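In what follows, a structure is listed as structure tokens, so that the remarks can point back to it.
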Amino acid sequence: MKQELKISAKNLNVFYGKKQALFDINLNIYANEVTSLIGPSGCGKSTLIKCFNRMNDLIDICKYSGQIMIDGQDINDPSTDPVSLRTRIGMVFQKPNPFPKSLYDNVAYGPRLHGMFSTKEDLDEIVVSSLQKAGLFNEVKDRLFEPGTGLSGGQQQRLCIARALAVNPEIILMDEPCSALDPIATAKIEELIEELKEKYTIVIVTHSMQQAARVSNRTAYMHMGELIETGLTKNIFSNPEHAKTQDYITGRIG
Amino acid sequence: MISHKIATMNIEFIILSLIGLTAYSFFIGRKKALALSSLKHVTVHSQPYYHGMHSALITIFPAFILLILWSWIESSIFSTNLREYFKDITDPALADFYISGVINFVGGVDQKIMNHVNFMSAVNYYESTMQMNLVLKGIVIILLTLMVSRYSLKLIAADFKARDLVETIVIRIMKYASIFAIVITIGIVLSLLFETMRFFESVAVTEFLFGTHWSPQMSIREDQVGSSGSFGAVPVFTGTLLISFIAMLVAGPIGLFSAIYLSQYASTRIRSLAKPIIEVLAGIPTVVYGFFAVITVGPFFREMGIFFDIDNFSSESALIAGSVLGIMIIPFVASLTDDALSAVPQSLKEGSLAMGATLSETTNKVIIPASFHGIAGSFLLAFSRAIGETMIVVMAAGFAANLTANPFNAVTTVTVQIVGLLTGDQEFNSAKTLSAFALAFVLFFLTLILNIISLTIVNRYREQYE
Amino acid sequence: MNSIIKRNQSEKRFKFYGIMAVATAIFLLMILLFKIFSTGITAFNQTYIGVNIQIEANSDVSNLDPRKEFKRNLRVMFPDAKTRKEKKNLYSIFSNGAYYEFQEMLDNYDGKKIDGYYYFLASDDVDMYVKGTVKRKGNSAGRIQPSQMTYIDMFKNMNLIELKYNKYLLGSSDSRDPELAGILGAIYGSFYAILIAFITSFPLGILTAVYLEKLASKNRFSDLIETNINNLAAVPSIVFGLLGLAIFLNFFDLPRSASLVGGLTLGLMTLPTIVIASRSAIKSVPPSIEEASIGLGSSKIQTIFNFTLPLAMPGILTGTIIGMARAIGETAPLLMIGMVAFIVDIPSSPMDAATALPVQIFLWQDSPERAFVERTSAAIMVLLLFLFVLNITAVYLRKKLEKKW
């Protein structure tokens, strides 16, 4: 089955000032799949996904060379507007960061920003369906107007996912979304990811190899800013080609 | 102020002896302790320094207290006794004047013989009695100190916990130092309150707080019946509020937008350059701003007034004073607002931007609402600062207590009135000067409330993120 | 869909407002500084007029009245000034200071023959005209009458009008004549006041900070002290002036207008600032250093005085310097305690009546003579210079002594 290429990085090098963080990355992300990035701390996984939605632009000293194409278009081309780009890409962060607003307003934030509805009922519809897709609606349906910060950690994270879904992105980037959560909340989120991949392309950075093995179709292993190996998850974990990958998976390095 | 005429004993001698004895206690004490610790079979609890320190402290303490007490009592007694010589003088201030004259004369300060029949006899009395007093004082204090010093040295032993005692004394001193801060506040409140109460003996509280005619030039005379219509402070209060409000209109937008730009948009380089420059505005003394208002801003506004055909544009208008006051307040608003904005966690900003919001949308919809308490608090604090400001308004605004909301009119403020009422040659007890204290009390109270409210708001907001 | 173009336009506008705000603030500052400097710089020079002085060799100058002798020399220069009015106009273009200067010249007379042009201080009106501050209209300029102008023109034609360094501005104390007025007395007054303020607030401030930060148990009482200090820091300065008036002047009967009282009042005002700055400096000393010290057997007090305080000193000093800088510029409290009178003598001790630099600025600003405007600006320049030096020192201290933990 031919896989549609969604994101592709070609010869990507990223620098923080004088220090180089990513070395010549070449990576393909395919549509409607979950791709996980694994590797030890500081290997550049977060930096890499932040290139995809140009969040690195926010950092003064961050410079890069190389290309990143999404749907065949170079996202760093001057004609690309980062604001519209980020509408197509949703992001979920390591620590849940709901806005200090009501649950409803959190989810409605994106649609309001981009004017994605014409009547109030439309907006309600969007909010409800996003919360449903995030598997949160039933738990919070009678407290939609309470502050988002009043939820538990796992619920907050699902709220952030709902918020991201509300703008109807094509791609969802997740930066260690479960590292601040307990196992039960983690399990719920992993279930969610499994459901979401049918409609969205998901890239997930994770510290946990077990999580990568559980949720992703493809895995890319990174080490000290380099992309060591990438391939189908089952292959990477059972039969890695590189010694470094092998070392990481068997726990010799971490 | 003690005379060269008194040859044998004077205050300097006493103080020097005390210092000498204290130093003596210290060195001898330390030496003794040192000797102890060199004995091999003895473990000394505290180091020699502490033993020395302890002896010194013990030595000086009673002497110090006694010296102060004695001097206090002696000055009361002399004061009463000398007054007897001048009891024919009814005015207490004048009597005091003669008494100081006697003291100065005996003290060899440049003082001529005064024109009063009892002057020279008072002088003689003072001179001889003071002489005896000083000798007695010196002997008693020095003897006492010697005895205490000996006693303190006797205490030195291996198991004597000198260090603990010294440290306890040090801690106690520090504790009293801290309590002093409260003493200051109490001092402010009491001194203001006291005089305010005296003021309200002549003028009714309701008239002061709600009256609309302020004209303190007329002091209250005994024979004026019900004519106390000149201490209505409402125009003064409204003037203060008008000018401060104009100041906030200037400082608010400029300060807020500067803070937004510097905290959200500016690169670190621009921020590190621009922020200190804006801070310079805060460091310029207010008298300089006042001068600036008079030589530059005033004429400028007057020209604008002529250009725009505005009548009755007073050269001491609220607009001029308020604008310059606003310039001074800019860094307050900017700095405090910047703190508030910067305290919003980066994750919220990132979350919004990652959803495709522009920076201005993120600032307006996420960051400002999240830091609203902090921003409100900073505006309140800035407003409080504006109300309490003195020099700019003294130099740029007027004394005319107009009850008006028109910024082109001249108005006066609480601080201007306080300065005006207290820097003339006024008898201290007149209702006029006392009214200054009443105004000051209101000012103190109001700024205190504003500060407390603003700090509560800011703290409650800070808890949100901790 | 909300137009992305509109949103980007809003973004640009918003950013523009931000830049404009910063630019406006900086612009206002620049205007203020520029105005002060441009008005004040002229005050450092004064108009001097050359007069032909002739004194025979070995004259007995001790019997000479300087004023009469000076006027005589003028009359020799202008023999056509015959009427009383004409002579008065001639003399009036010189300052009273000219006579003192001439007196000095006589005091230094060494017996040799004097025949030459010597320069003497012009009056403030002439000074203003020469400097161009007061413009000429026809034959008068400001307060200068045509009859005086003729003599000024004559001197000018003889090239005898020069601008020389104004030694009075920095070298003498206040005077009713603007051309003789200086800030030296005010500088001494400020100096004594700040010294006393420092002696009062620095030790007290540090002890309070140490106690609150390190030794007090966290109970309602220490909270009360802390709230107190925070509130005191925000009390308007004029209220401290009233406190000084009520306590130091009325209760303790200290001499009014003395730097001592000013210093004590300013000290009370600065105390909360020093406490707050010191606390923050002490708080930032890492506990690991203190733990190490206590682990070695030191007592808490020893640790504080031997380790914590020295490490916190840069922060404490920075805060103190900033507090002192603020105190130097304060005027309102000093007005309240009376340091506002016209003082001619330079104070020789903190007990003498004095004025302070910001008060002097205030008084000069209030004076009617035109010549005081430039002097006020010049005095402000001196004040700003002091403040600049102080603040730079504070910043330098902070950077230099900051140890990176």
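Annotations
- Residues located in the stretch A:57-101, provided they are out of contact with any Leu (no Cβ under 8 Å at 6 or more places or on another chain), under 23 Å from C:Arg7 (Cα atoms), at the interface with chain B (Cβ under 9 Å from one of its Cβ atoms) and among the hydrophobic types (A, V, I, L, M, F, W, C): A:Val83, A:Leu85
- Scanning the stretch C:101-117 for residues that are surrounded by 15 or more Cβ atoms within 10 Å (Cβ to Cβ) and either within 25 Å of C:Ala181 (Cα to Cα) or among the polar types (S, T, N, Q) (or both) yields C:Glu101, C:Phe102, C:Gln103, C:Met105, C:Leu106.
- Residue satisfying all of: in the stretch A:1-30; over 14 Å from A:Ile49 (Cα atoms) and hydroxyl-bearing (Ser, Thr, Tyr); surrounded by the most Cβ atoms within 10 Å (Cβ to Cβ) among these: A:Tyr30
- Residue list for the stretch A:207-254, filter: among the small types (Gly, Ala, Ser) and in contact with a Pro (Cβ under 7 Å, 6 or more places away or on another chain): A:Gly254
- When A:Phe23 is tested against the conditions (1) in contact with a Gly (Cβ under 7 Å, 6 or more places away or on another chain); (2) at pLDDT 90 or above; (3) within 14 Å of chain C (Cβ to nearest Cβ), the lone failure is (3).
- Looking only at residues of the stretch B:357-377 that are surrounded by fewer than 21 Cβ atoms within 10 Å (Cβ to Cβ), among the hydrophobic types (A, V, I, L, M, F, W, C) and closer than 17 Å to A:Lys101 by Cα, we find that the one that is nearest to the other protein chains (Cβ to nearest Cβ) is B:Phe372.
- Failed condition for C:Lys85, given (1) in contact with a Phe, Trp or Tyr (Cβ under 8 Å, 6 or more places away or on another chain); (2) exposed (fewer than 15 other Cβ atoms within 10 Å of the Cβ): (1)
- One residue stands out among those in the stretch B:325-356 that are within 30 Å of A:Ala108 (Cβ to Cβ) and among the hydroxyl-bearing types (Ser, Thr, Tyr): the one that is surrounded by the most Cβ atoms within 10 Å (Cβ to Cβ), which is B:Thr337.
- Search result, residues across the stretch B:286-322 that are without any contact (Cβ under 8 Å) to a residue 12 or more places away in the chain and either hydroxyl-bearing (Ser, Thr, Tyr) or within 12 Å of another protein chain (Cβ to nearest Cβ) (or both): B:Val288, B:Ile295, B:Thr296, B:Pro299, B:Phe300
- Among the residues making up the stretch C:341-362, those that are closer than 23 Å to C:Tyr168 by Cβ and surrounded by fewer than 21 Cβ atoms within 10 Å (Cβ to Cβ) are C:Ala341, C:Phe342, C:Val344, C:Asp345, C:Ile346, C:Ser348, C:Asp352, C:Ala353.
- Checked against the criterion of being among the aliphatic types (A, V, I, L, M), within 10 Å of chain C (Cβ to nearest Cβ) and surrounded by 21 or more Cβ atoms within 10 Å (Cβ to Cβ), the stretch B:406-414 has at least one qualifying residue.
- When C:Ile55 is tested against (1) within 30 Å of C:Ile114 (Cβ to Cβ); (2) facing another protein chain (nearest Cβ under 7 Å), just one condition goes unmet, and that condition is (2).
- Where a residue in the stretch A:130-150 is over 11 Å from A:Leu103 (Cα atoms) and its partner, wherever it lies, is assigned to a loop (DSSP other than H, G, I, E, B), with Cβ under 6 Å and at least six apart: A:Ser130/A:Ala166
- Entirely in the stretch A:142-254, the strands (runs of 3 or more DSSP E) that have 1 or more residues that are over 17 Å from the mean Cα position of the chain (by Cα): A:218-223, A:226-232
- Only one of the listed residues (C:Glu179, C:Glu226) is crowded, with 24+ Cβ neighbours inside 10 Å, in a helix (DSSP H, G or I) and charged (D, E, K, R). That residue is C:Glu179.
- Qualifying residue in the stretch A:177-192 (condition: hydrophobic (A, V, I, L, M, F, W, C), closer than 26 Å to A:His114 by Cα, crowded, with 16+ Cβ neighbours inside 10 Å and more than 14 Å from chain B (Cβ to nearest Cβ)): yes
- Odd one out for C:Thr47, checked against (1) of a type in the set (Val, Ile, Thr); (2) away from chain B (no Cβ under 12 Å); (3) part of a helix (DSSP H, G or I): (3)
- Check on C:Leu397, facing chain B (nearest Cβ under 9 Å), on the phi < 0 side of the Ramachandran plot and in contact with a helix residue (DSSP H, G or I) (Cβ under 9 Å, 6 or more places away or on another chain): no
- Considering the stretch A:41-57, the residues that are exposed (fewer than 15 other Cβ atoms within 10 Å of the Cβ) and of a type outside the set (Asp, Glu) include one that is farthest from A:Val83 (Cα to Cα), namely A:Ser41.
- So C:Thr308, is it crowded, with 20+ Cβ neighbours inside 10 Å and closer than 30 Å to C:Leu384 by Cα: no
- Subset of the stretch A:142-163 (residues that are small (Gly, Ala, Ser) and over 10 Å from A:Asn106 (Cα atoms)): A:Gly150, A:Ser152, A:Gly153, A:Gly154
- Pairs with Cβ under 8 Å, 6+ apart, first in the stretch B:382-406 and closer than 18 Å to B:Leu249 by Cβ, second at pLDDT 90 or above and aromatic (Phe, Trp, Tyr): B:Ala382/B:Phe332; B:Arg385/B:Phe332; B:Ile392/B:Tyr289
- Only one of the numbered conditions (1) surrounded by 14 or more Cβ atoms within 10 Å (Cβ to Cβ); (2) over 12 Å from A:Thr201 (Cβ atoms); (3) at pLDDT below 90 is violated by A:Met69, and that is (3).
- Exclusive hit being free of Cβ contacts under 8 Å to residues at least 40 places away in the same chain, out of contact with any Asp or Glu (no Cβ under 9 Å at 6 or more places or on another chain) and within 26 Å of A:Val14 (Cβ to Cβ), set A:Ala243, A:Ala180: A:Ala243
- The stretch A:118-141, subset within 14 Å of chain C (Cβ to nearest Cβ) and buried (at least 17 other Cβ atoms within 10 Å of the Cβ), residue nearest to A:Leu173 (Cα to Cα): A:Ile126
- Within the set B:Ser335, B:Ser347, the sole residue that is in a helix (DSSP H, G or I) and within 14 Å of chain C (Cβ to nearest Cβ) turns out to be B:Ser335.
- Residue within the stretch B:247-268 that is away from chain C (no Cβ under 12 Å) and over 23 Å from B:Gly377 (Cα atoms) present: yes
- Put simply, of A:Ile61, A:Ile38 the only residue that is buried (at least 22 other Cβ atoms within 10 Å of the Cβ) and either in contact with a strand residue (DSSP E or B) (Cβ under 8 Å, 6 or more places away or on another chain) or of a type in the set (Ser, Thr, Tyr) (or both) is A:Ile38.
The values are calculated or read from the model by the stated rules, or taken from the named source; none is laboratory data. None of these values were measured; they are calculated from a predicted model. Note: ideal-geometry Cβ built from the backbone for every residue, glycine included; neighbour counts use all protein chains shown.
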